[in-house]
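First the structure, in the form of structure tokens, and then the observations on it.
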Amino acid sequence: AQSVSQHNHHVILSEAASLELGCNYSYGGTVNLFWYVQYPGQHLQLLLKYFSGDPLVKGIKGFEAEFIKSKFSFNLRKPSVQWSDTAEYFCAVNPPAGNNRKLIWGLGTSLAVNP
Amino acid sequence: GAVVSQHPSRVICKSGTSVKIECRSLDFQATTMFWYRQFPKKSLMLMATSNEGSKATYEQGVEKDKFLINHASLTLSTLTVTSAHPEDSSFYICSARDPGRGDHTEAFFGQGTRLTVV
């Protein structure tokens with residue numbers, strides 16, 4: 001079945017460590033890609049998105065993601081994490097047209113950053 | 001940015017009763033809204049797509065008679081959990097896109113509603 005996979009379910013880092021969260025999808029054709037973050041007790045917020053153009057996209061709070069079409073990947077990165085980055089991170093894919101703009105979600109990655 | 005508001009944020013109800021959750025787009029008109037269910041430590045599961053002025057589109061396995069969706073206006077969609085049971089306890093989230101921002105835009109999410117059925 002077509003899906004979105006996030007490889008890391010739980011990640012624990014110390015402050016200033018680098019972060020990379022994997023996301024792979026299995027849809028062919030043109031897709032839109034998103035990373036959302038859910039801080040404890042808060043609603044989902046967009047970190048960054050890719051629709052077209054430069055495959056390296058920069059989002060809020062120092063996050064970036066690289067779309068590699070050949071690998072069907074859209075990994076999230078941050079060079080130096082902070083305690084305030086502790087949250088759940090979700091990768092989502094908007095499949096090719098005809099899917100009523102539904103978002104297909106990965107299972108999420110729980111990131112804990114120790115001060 | 002665009003704001004989507006959900007109400008209530010928390011609700012506790014008795015088994016067998018019905019609960020209505022509201023989702024409002026505060027500064028844009030949404031012809032389509034999406035309802036999700038989020039289980040603990042799990043991803044978001046799309047339940048249904050709410051279409052203004054027409055019937056909602058339910059995902060496979062979601063009981064349409066159990067989860068009633070009404071999208072009566074361009075700024076309001078409601079989800080009613082009918083005859084709730086403890087297994088319906090979950091976190092329900094709505095989202096909407098702002099069509100005025102064009103096709104290349106993200107979805108905005110409500111704060112979510114924590115439903116507990118006792």
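Every read-out reported here was derived from the displayed coordinates using simple, explicitly stated rules and does not represent laboratory data. Values in this document were obtained by computation on a predicted structure and should not be read as measured data. Cβ atoms come from the backbone with ideal geometry, glycine included; neighbour counts cover every protein chain shown.
With labels modelled as points extended 7 Å from the Cα through the Cβ direction, what inter-label distance (nm, one decimal) is found for A:Asp54 paired with A:Ala16?
2.9 nm
Where in segment B:1-23 is the amide nitrogen less than 17 Å from a point lying 7 Å along the Cα-to-Cβ axis of A:Gln45?
B:1-6
In segment A:11-53, how does Rg compare with the Kirkwood Rh, expressed as the Rg/Rh ratio over alpha carbon atoms?
Radius of gyration relative to Kirkwood radius: 1.04.
Cα-Cα over 23 Å: which of A:Lys78/A:Lys102; A:Lys49/A:Lys71; A:Lys49/B:Lys20; A:Lys49/A:Lys69?
Pairs exceeding the cut-off: A:Lys78/A:Lys102; A:Lys49/B:Lys20.
Cα-based Rg (one decimal) and Dmax (whole number) for segment A:27-111, in Å?
In Å, with Rg to one decimal and Dmax whole: 13.0, 40.
Return the long-range amide H neighbours of A:Glu15 (sequence gap of 5 or more, or a different chain), with a cut-off of under 5 Å between placed amide H atoms.
Amide H neighbours of A:Glu15, under 5 Å, 5+ apart: A:Asn114.
Residue-wise, which Karplus ³J(HN,Hα) couplings in Hz belong to segment A:16-29, taking 6.51 cos²θ - 1.76 cosθ + 1.60, θ = phi - 60°, and x for glycine or proline?
6, 6, 8, 10, 9, 10, x, 8, 10, 10, 10, 8, x, x
Could you give the radius of gyration (one decimal) and Dmax (whole number) of the Cα atoms in chain B, in Å?
13.6, 43
What are the ³J(HN,Hα) values, in whole Hz, obtained from phi via the Karplus relation 6.51 cos²θ - 1.76 cosθ + 1.60 with θ = phi - 60°, for each residue of segment B:13-22 in sequence order, with x given for Gly and Pro?
Ordered by residue, 3J(HN,Hα) equals 9, 7, 4, x, 8, 10, 10, 10, 10, 9 Hz.
Hey, with R₀ at 35 Å, roughly what FRET efficiency would B:Asn51 and B:Val118 work out to, going by the Cβ-Cβ distance, to 0.05?
Computed FRET efficiency for B:Asn51 and B:Val118: 0.60.
Which residue, chosen from B:Leu46, B:Thr32, B:His85, occupies the Cα position most advanced towards the positive end of the dipole of chain B, where the dipole is computed from +1 (Lys, Arg) and -1 (Asp, Glu) charges on Cβ about the Cα centre?
Checking the options against the dipole of chain B, the answer is B:His85.
If eta is 1.306 mPa s and T is 10 °C, what Stokes-Einstein diffusion coefficient results for the protein assembly as shown, Kirkwood Rh from Cα pairs, in µm²/s?
It comes out at roughly 87 µm²/s.
Which of the chymotrypsin sites (Phe, Trp or Tyr not before Pro) found in segment B:30-108 are in a DSSP loop and have at most 13 neighbouring Cβ atoms, other than their own, within 10 Å?
Nothing satisfies the criteria.
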